[in-house]
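The values are calculated or read from the model by the stated rules, or taken from the named source; none is laboratory data. The structure presented is a predicted model; accordingly, all values stated were derived computationally and were not measured. Please note: Cβ atoms are built from the backbone with ideal geometry, for glycine as well, and neighbour counts cover all protein chains shown.
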Amino acid sequence: MSQQKIEKLNKEIEGHLKEIKKLKKKMKQMNWIQYKYLPVGGDMIDQSLASFINTYPEQDRIRVMFLRESYGIYRFGQKQVSIKVATGNSKGSQIQIKVGGGYMTAEEFIQTYTDQEVKKIEKNKNILKRFKEKLCVQQITTRKSTTSRGRLSMF
């Protein structure tokens, strides 16, 4: 291969790599928008939680989302929690999440419970996957035995 062809191919590769880099950047921006928490209108707790989540400096740390069930009641992974907004302290209004007999700040809660909930979700995915595989095997076995019985009864 001539030197000119090699240089031409290298320039094409560089162009493609730049395009890939641009596309990756665009995909990141799209994902950022996709993961914004949208609050229920008129619900101060939900609006405070949305503001906290959407401005949280460690976005990648929040791997489990809060799902609103009713006013002040949320699901975080498999854990159901009660949330309130405490006002009047030195930090202004602060999200408080009921844990056991007391409350934690939202940041403490995320740092404490995210890894546990991710593990539970992964475990349940594996359980579901095994269940689906077992169901599939049972269906195949059932089909074979039904087909075999049909053939045997014909002789």
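Of note:
- Checklist (1) small (Gly, Ala, Ser); (2) at pLDDT below 90; (3) touching a Phe, Trp or Tyr at 6+ places or on another chain (Cβ under 7 Å) applied to Gly101, failing item: (3)
- Candidates Lys119, Lys79, filtered to the one that is surrounded by fewer than 12 Cβ atoms within 10 Å (Cβ to Cβ), at pLDDT 85 or above and not aliphatic (A, V, I, L, M): Lys119
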